[in-house]
Amino acid sequence: MFLPFSHGAGSIFMNILYEPLLLNISCFSDFPKLLKHKTCSYAPNVTKFQKYNNAVLLAMQGNGELAGDVTNSFNHKVYINNGGELNGIPHIQTLREFPRKELFGKAVMVRFDSNILLKQEHNQKNQSDFNALFTIQYLHEAEAKVILVSDWKTNTSELHLEQVADFLSGIFQIQVVPLQGISCNKLSKVKDLQKENIYLIESLYNIKDEVANCLEFSRVLSTGVDIFVNDSFSSSHKVLASTVGVTRFCYACLAGFHFEVKLRLVKNLAETNKKPYVAIIGGGNLAEKAASFRFLASRCHGFVFVGMMSFQIMHASRVQVPIDFVDHKALPEALDIVRLARDNNVKILYPKDFWCRNKYNRKQLHVFPSHEILDGWVPIDLGPITLDEIGSLLSDCKKITWIGPVKFADGSEETNGGSKLAKILDQLSKGNCETTVVGTTACNLVTQETSSLSSINMVENASAVWEFLKGRKLPGVMAVDRAYPFEIKWNNVYSDPTQSLVVDIGSGNGLFLFEMARKRKDLNFLGLEMNEKLVLRCLDSIQQFGIKNG
């Protein structure tokens, strides 16, 4: 037998005279099972911060609820329905899968989302709060040296480093010690830190080297750090020193609990196993987001436009709208979206009426049909006919994604179109409809209008999701270590998975593997290749020639 190695397109075959490289495929069944985290056992004391954090303190108690919620949220498969991996989102290494014993005594830097961890009041209904807190709590209980870093705004005295450290101490009931010096490219020696405390580096918000992903700054920031944990999914679309640069200097780079859950929700947007699937699209800037609609049109059965973007779609659909609301620069993109929807049999629903405000008398409100808005009146919200039509369309849906706010010129408490839409989704989610809400404004509306979020998925940051929908790779995700899939169904790969396995490391164009697979039907062959184009070409050939053992 041969143990083949290849470099580039060519292969170098090493004749192994002693033992052939034969791997029994059954060994893959012995891979470690998903790790089960122990319950947080720290029982907090009442402090001056309790008035802000009652929900979080309850969640931190040793009743197993938090750990159970986090574990349950990971049972969802993160692959698209054909079993493949999404372009731009590889399988990544997660804190959940990383051996807990390997954390003991290690210096672990956690990049946290300041918008979640530094909120004045944590919402007991919001699983994001729980997961973000649980990442840090879990690392501390594993007896790692935990170092926190983020980029919160320092525009008030309450957000100075010492005050933030005190605030976090109240949340975790663990002493959080502030670390100065990163703004001068100098930090305290990590080896001198004590495991009993948690450490907080000063905010990176005003540090230019952070945004520039400066190599030297990344080195200083990660000096002495063994393991990096990214738990800030909201920054995953950016290239920052604290999310990308530091990964060059740490021997392990993992996704935290919060990061993994949000990534799973984003991947789930591509699942088409539940039909009909409708996307509710709000906000504006259609030209910037137009590339996302090719992805959505390939998966959704309907588009519902509820924001300023709807005027561009109406104009492209030859519906009369006031010229002041039309962005003529976005007309080509709007026409492409309408054409794309038609070609893919995707239904488009745009507003049929609006609540409008008189420019000269702000107290005067009136409902106008979308094609009959009078001069001097400005749309501020969706009208009742539109909301009824949306409710009717969504009533039969099995999957809904709402991304972007219901936002026009300015809102009114008397109309509340966004709130009414949130209530519609709340009712549907209690049935058999999988609902995902994306964006800060939409998530806040859902939080306010629903009694329970157990059946509604929320991704607070819309920017990262729009980048994903455009087909772009998220730098913060790509920087995390790669990992193998949770499960490979070998019965679908080989006709007889019990046959011995020959591995071609660096399989290149696959010629060796194909020829050997034809000649030796009694063996299974597996090619490993880092060139993605060659891999895709080989997979096509495997299918084309009907090879069942390669």
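The values are calculated or read from the model by the stated rules, or taken from the named source; none is laboratory data. Quantities reported herein were computed from a predicted structural model and do not represent experimental measurements. Glycine gets a Cβ as well: all are built from the backbone with ideal geometry, and neighbour counts include every protein chain shown. Note: accessible area is taken over every heavy atom of the protein model, side chains too, but ligands, DNA and RNA are not part of it. Shrake-Rupley method; radii C 1.70, N 1.55, O 1.52, S 1.80 Å.
If the condition is being open to solvent by less than 40 Å² (accessible area, probe 1.4 Å) and either aromatic (Phe, Trp, Tyr) or under 27 Å from Glu97 (Cα atoms) (or both), then the range 486-505 contributes Tyr494, Pro497, Leu501, Val503.
Looking across Ser395, Ser429, one residue alone is within 32 Å of the chain's Cα centre (by Cα), open to solvent by 50 Å² or more (accessible area, probe 1.4 Å) and hydroxyl-bearing (Ser, Thr, Tyr). It is Ser395.
Residues checked against (1) surrounded by 24 or more Cβ atoms within 10 Å (Cβ to Cβ); (2) within 21 Å of Leu331 (Cα to Cα); (3) free of Cβ contacts under 8 Å to residues at least 60 places away in the same chain; (4) of a type in the set (A, V, I, L, M, F, W, C):
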residue: Cys253; (1), (2), (3), (4): no, no, no, yes
residue: Lys262; (1), (2), (3), (4): yes, no, no, no
residue: Tyr277; (1), (2), (3), (4): no, no, no, no
residue: Gly282; (1), (2), (3), (4): yes, yes, no, no
residue: Ser292; (1), (2), (3), (4): no, yes, no, no
residue: Ser298; (1), (2), (3), (4): no, no, yes, no
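Filtering the range 321-343 for residues that are under 20 Å from Phe293 (Cα atoms), in a loop (DSSP other than H, G, I, E, B), among the β-branched types (Val, Ile, Thr) and modelled with pLDDT under 90 leaves a non-empty set. Restricting attention to the range 221-230, does a residue exist that is under 22 Å from the mean Cα position of the chain (by Cα), more than 30 Å from Gln312 (Cβ to Cβ) and open to solvent by 10 Å² or more (accessible area, probe 1.4 Å)? No, the conditions are met nowhere in the range 221-230.
Comparison of Phe325, Phe368 shows that the only residue that is out of contact with any strand residue (DSSP E or B) (no Cβ under 6 Å at 6 or more places or on another chain) and open to solvent by less than 40 Å² (accessible area, probe 1.4 Å) is Phe325. Only one entry in Lys489, Lys470, Lys533 is charged (D, E, K, R) and within 27 Å of Ser114 (Cα to Cα), namely Lys470. Considering the conditions (1) of a type outside the set (A, V, I, L, M); (2) within 20 Å of the chain's Cα centre (by Cα); (3) on the phi > 0 side of the Ramachandran plot, Asn213 is excluded by exactly one of them, (2).
Against the definition (open to solvent by 10 Å² or more (accessible area, probe 1.4 Å), small (Gly, Ala, Ser), under 24 Å from Gly439 (Cβ atoms) and under 22 Å from the mean Cα position of the chain (by Cα)), how does Ser234 come out, yes or no?
Criteria met by Ser234.
None of Arg342, Arg357 is touching a residue at least 24 places away in the same chain (Cβ under 8 Å) and over 22 Å from Ile424 (Cβ atoms) except Arg357.
For the range 266-309, taking the residues that are in contact with a Pro (Cβ under 8 Å, 6 or more places away or on another chain) and part of a strand (DSSP E or B), the one that is nearest to Cys443 (Cα to Cα) is identified as Phe305. Given the structure, is Leu193 closer than 18 Å to Phe112 by Cα and in contact (Cβ under 8 Å) with a residue 24 or more places away in the chain? Taking the combined requirement at face value, the residue does not satisfy it.
Checking the conditions here, which among Gln163, Gln137 is buried (at least 20 other Cβ atoms within 10 Å of the Cβ), outside any strand (DSSP E or B) and not aromatic (Phe, Trp, Tyr)?
Gln137
Return yes when Ile380 is among the hydrophobic types (A, V, I, L, M, F, W, C) and surrounded by fewer than 16 Cβ atoms within 10 Å (Cβ to Cβ) and no when it is not.
Considered against the rule, which asks whether it is among the hydrophobic types (A, V, I, L, M, F, W, C) and surrounded by fewer than 16 Cβ atoms within 10 Å (Cβ to Cβ), Ile380 comes out as no.
Only one entry in Asp231, Asp209, Asp226 is over 28 Å from Gly417 (Cβ atoms) and in contact with a His (Cβ under 6 Å, 6 or more places away or on another chain), namely Asp231. Just one of the listed residues (Lys238, Lys262) is of a type outside the set (S, T, N, Q), over 25 Å from Pro99 (Cα atoms) and either part of a loop (DSSP other than H, G, I, E, B) or touching a Phe, Trp or Tyr at 6+ places or on another chain (Cβ under 9 Å) (or both), and it is Lys238.
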